[in-house]
Amino acid sequence: MRTHISRAHEKTMLEKLAKQTAIYGISTIVVRFLNYLLTPYYTRIFTQGEYGIITDIYALIPFALVILSMGMESSYFRFTTKAEEEGGDVAQSKCKVFATTWGITSLAATLFFGVVWLLQMPISEVMGKVYVAHPEYVTIVAAIVMVDVWSIIPFSRLREQGKAMRFVLLKAMSMLLNIGMAIGFGVAGLYDTAFGIGWVLIANLGASVITLLALLPTANGVLPRIDGALLRKIFVYSLPLLISGIAGTANEFVDRQMIKYLTPGGEEMAMADLGIYGAIVKIAVVMTLFTQMYRLAAEPFFLSSFKKEEFKEANAASMKYFVMASMVIFLGIVLFRDLFALIVGSDFREGIDILPLVLAANVLAGIWFNLSFWYKREEKTKYAAYVTFLGLGVTLALSFVLVPKMGYRGAAWVRLVAEAAMVVWSYTLCKRHYPIPYDLKRIGEYFAVAVVIYCVSEYALAGLGTTPHTCLNIVLFTVAVAYAAWREKIDIKGLTRAIIGKFIR
């Protein structure tokens, strides 16, 4: 049984994490939500097939970013922490870590762009007829990837230094530039030209370049410069993260590729299905943003200088609260999904039934992220590869069975099952090698409450009219929020005052 002191210590640590999550979160939600405003715009001016191309491209970009970043974000946090633990000239040691990780990622990105530029036609032929007609799309995407990779480590440095607001302001600038140019190109009628959705890519590239130029002064004169001895040590840590990152990101994007290549009816039908699937995934914006903002705060938090028992205590508690918050968000979206469906154009709403599956998969992805901290902390990152390759294997195997029969609905089920398999295997490894006292009873309780409320709304109240159903859903959602706050004795007013005070200071 935990002592009173451990509970107090847990509260202190979690308040720190909650404040950091809120600082990143409130700002990041605003920034990312602005970017997601392009979804209702694009799904109203492009056809399902055209939006399918955008979905296809923006599923491939994260995959390239993971490969070229080589796990250096987590490595940067881990090795700057080690520099503090080792003492000496800490500032100089941190600069060396920054210069080396920035140098190797920038070099990799530049080489990547050169190769794609030289091989754009063969790559276009592999990607499909649309890209053969517009091989320049491939080159522009490669340029976007290159510039974004150049920016990854400088952005990580801002997080490590606790400069959350500067981080968010630069991200906001990038999003606003992208939105402004994208809508401006539409108003100018450029999407109706032969270049078509290429202007979507140009807007993205322009925003990325300007953001990089604004980010460079934060380096404080440090240039990308690779220290060979340090890089070898970093690679020992980061290589398993790279491998797992490739598998993990492939697991996230391969569902789009399976829809593209396995959906019966030809390429036109496949791209239309891909467009619908991509649009519905975008509706899950709130859950995605919550997971992203939690990641921004949690990664440097848990990879800092914790004692082993403190780490276990904090990680166990954060898992419980993460699940609690995720279930509230899940209910907030699925209970009112007809309203969220208005985000996308009417041609895309036929796929709204897969939204609960997508949201549940996102919750499981966040749980797996929480389960990954122990092996990053202990520098046993090989376990990341084990888990992500399991997920990728499940995704590939089930996709060949379900996607040809069910189309994008099959892809949604595959995504959910794969994430569940990764959570189960990751928890098994954790329990075997680094036992953490997760409160499984309370976590299961929050899952059960969410499932019961969802089923009551979906089945017991299904026969009611729209207005009564919506009113009762509001009651059900309020009950869920009140129950979570009561169960954890959360001082919502006190936490809100603390967060506002942090911003004011």
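Filter segment 82-106 for residues that are under 20 Å from residue 376 (Cα atoms) and surrounded by fewer than 20 Cβ atoms within 10 Å (Cβ to Cβ); which is nearest to the chain's Cα centre (by Cα)?
Among those that are under 20 Å from residue 376 (Cα atoms) and surrounded by fewer than 20 Cβ atoms within 10 Å (Cβ to Cβ), it is 82.
Looking at segment 382-405, which of its residues are loosely packed, with under 15 Cβ neighbours inside 10 Å and either of a type in the set (A, V, I, L, M, F, W, C) or in contact with a Gly (Cβ under 6 Å, 6 or more places away or on another chain) (or both)?
Correct list: 397, 400, 401.
Here are some residues: 368, 374. Which one is farther than 18 Å from residue 255 by Cβ and assigned to a helix (DSSP H, G or I)?
Step by step, each of 368, 374 is checked, and only 374 is farther than 18 Å from residue 255 by Cβ and assigned to a helix (DSSP H, G or I).
Here are some residues: 149, 187. Which one is at pLDDT 90 or above and crowded, with 19+ Cβ neighbours inside 10 Å?
Unique residue meeting the criteria: 149.
Please enumerate the residues belonging to segment 167-184 that are within 20 Å of the chain's Cα centre (by Cα) and either over 26 Å from residue 113 (Cβ atoms) or modelled with pLDDT of 95 or more (or both).
Selection gives 168, 169, 172.
Please go through segment 213-234 and give me each residue that is under 14 Å from residue 104 (Cβ atoms) and in contact (Cβ under 8 Å) with a residue 60 or more places away in the chain, ordered by number.
223, 224, 225, 226, 227, 230, 231, 233, 234
Suppose the filter is closer than 20 Å to residue 53 by Cβ, out of contact with any strand residue (DSSP E or B) (no Cβ under 6 Å at 6 or more places or on another chain), in contact (Cβ under 8 Å) with a residue 24 or more places away in the chain and part of a helix (DSSP H, G or I); does residue 145 pass it?
So residue 145 fits the description; yes.
With over 18 Å from residue 358 (Cβ atoms) and in a helix (DSSP H, G or I) as the only criterion, which of 416, 396 stands out?
396
Okay, residues lined up against (1) crowded, with 19+ Cβ neighbours inside 10 Å; (2) of a type in the set (Val, Ile, Thr); (3) on the phi > 0 side of the Ramachandran plot:
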| residue | (1), (2), (3) |
| --- | --- |
| 71 | yes, no, yes |
| 75 | yes, no, no |
| 80 | yes, yes, no |
| 108 | no, no, no |
| 119 | no, no, no |
| 131 | yes, no, no |
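What is the number of the single condition among (1) surrounded by fewer than 17 Cβ atoms within 10 Å (Cβ to Cβ); (2) at pLDDT 90 or above; (3) under 29 Å from residue 386 (Cβ atoms) that residue 195 does not meet?
Just one mismatch for residue 195, condition (3).
The values are calculated or read from the model by the stated rules, or taken from the named source; none is laboratory data. Not measured: the values here are computed from a predicted model. Here Cβ is always computed from backbone atoms with ideal geometry, including for glycine, and neighbour counts include all displayed protein chains.
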